[in-house]
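Engineer: Can you keep this structure in mind? I'll have questions shortly.
The values are calculated or read from the model by the stated rules, or taken from the named source; none is laboratory data. Small disclaimer: the values here were computed from a predicted structure and weren't measured. FYI the Cβ positions are ideal-geometry reconstructions off the backbone, even for glycines, and counts take in every protein chain you see. Calculation scope for accessible area: heavy atoms of the full protein, side chains included, ligands and nucleic acids excluded. Shrake-Rupley method; radii C 1.70, N 1.55, O 1.52, S 1.80 Å.
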Amino acid sequence: MQHSQNFPRRRRYKLHSLEQQEALLPFVRFCPGRTYRHYWQMPTPSKDYPSNVTYGRECAAHLLQWMKDNREYVGKGLLSRVARDIDFDDRDGRGQWMGFFNYLEIMMLLGADRVRVYRHVDSQHQLYRALGQRLKLEARFRRIRLRNR
């Protein structure tokens, strides 16, 4: 498909380490004066709002492909790091983040259409309660073992 602007190269994101994988996303970069990655480093927006929206949508597609390639890391806060680093007051960049989030909303709906949402969230609540109980029990047994030494 031909694009009117320069999009990041489309790719797969499966590598050995999480740090390598995230760094390949087209909007993730290290910035001077910061000890951790910046998760919203976009090119300077053009004056063409629809092009900015298109670029944001393309970046959302990269994020979604990253998630498909790295399922074990999904739900670990990547999207929250992206949202933390977006300057929502930057009027020029608005089209980029609007396109990004609007496309993610569309894809969430497609996924939500495939599951019973409340049943799924109940199962997630149950899973995390069980994990919390497991951690408490393991901590309790570690304390008992340490006392008996």
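Engineer: Tell me the net charge near M42. Cut-off is 13 Å between Cβ atoms, M42 excluded, with +1 for each Lys or Arg and -1 for each Asp or Glu.
Structural biologist: Neighbour charge sum, excluding M42 itself: -2.
Engineer: A further question follows. Helix 49-69 versus the longest principal axis of the chain: what angle, 0 to 90°, nearest 10, using Cα atoms?
Structural biologist: Its long axis makes an angle of about 30 degrees.
Engineer: While we're here: From Cα pairs below 8 angstrom and at least 6 apart in sequence, can you work out the relative contact order of the chain, rounded to a whole percent?
Structural biologist: Reported as a whole number, the value is 23 percent.
Engineer: What number comes out for accessible area per residue over the chain if the probe is 1.4 Å? Units Å², please.
Structural biologist: On a per-residue basis, the chain sits at 75 Å².
Engineer: Please work out how much length the chain gains when fully extended from T44 to R134, using 0.36 nm per residue of separation minus the C-alpha to C-alpha distance, in nm with one decimal.
Structural biologist: Answer, rounded to one decimal: 27.6 nm.
Engineer: Run the accessible area of the chain with a 1.4 Å probe and give the carbon-and-sulfur part as a rounded percent.
Structural biologist: Carbon and sulfur atoms account for 54 percent of the accessible area of the chain.
Engineer: Rounded to the nearest 0.05, what FRET efficiency is calculated for H120 and L24 with R0 set to 41 Å and r the Cβ-Cβ distance?
Structural biologist: Taking R0 as 41 Å, the efficiency between H120 and L24 is 0.90.
Engineer: Separation between the N148 and F88 pseudo-spin-labels, each 7 Å from Cα along Cα→Cβ, expressed in nm?
Structural biologist: Using points 7 Å along Cα→Cβ, the separation is 5.2 nm.
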